[in-house]
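Please treat every number below as a calculation from the coordinates, not as lab data. Everything numeric in this text was worked out from a predicted model, so none of it was measured. Quick reminder, even Gly has a Cβ in these numbers, built from the backbone with ideal geometry, and neighbours come from all protein chains shown.
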């Protein structure tokens, strides 16, 4: 496996991982602090959840798009190595 091919595969993996982590991070912000089921008294209000997600969403979107860019760049590298090797 050539260096470009390894780099392309690594970029695709890192890109997908970045997308997954950013989605999970925004969901964790929406879920609130702590783990496990919450009692009625411990629940957060709709406005608290909405405000937290509105604050976290732009960064989560930027990270997700960066991950998409990395995955596309890795795909382009793999395609270039395949074309250079005379593949279809």
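Tabulated data
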{"item": "Net length gained if the chain between residue 25 and residue 65 were fully extended (0.36 nm per residue, minus Cα distance)", "result": "13.0 nm"}
{"item": "Structure-based [θ]222 nm, the chain - -39500 (n - 2.57) summed over DSSP H runs of at least 4, per residue, nearest 500", "result": "-28000 deg cm²/dmol"}
{"item": "Sites residue 85 and residue 7, calculated FRET efficiency, Cβ-Cβ separation with R0 22 Å, nearest 0.05", "result": "0.90"}
{"item": "Taking 57, 40 and counting other C-beta atoms within 10 Å, the order from fewest to most", "result": "40, 57"}
{"item": "For region 17-88: relative contact order, % (alpha-carbon pairs under 8 angstrom, 6 or more apart)", "result": "47 percent"}
{"item": "GNM result for the chain, Cα springs below 10 Å: residue of 30, 56, 41 fluctuating most strongly", "result": "41"}
{"item": "Label-point separation in nm, residue 57 to residue 43, each point 7 Å along Cα→Cβ", "result": "2.2 nm"}
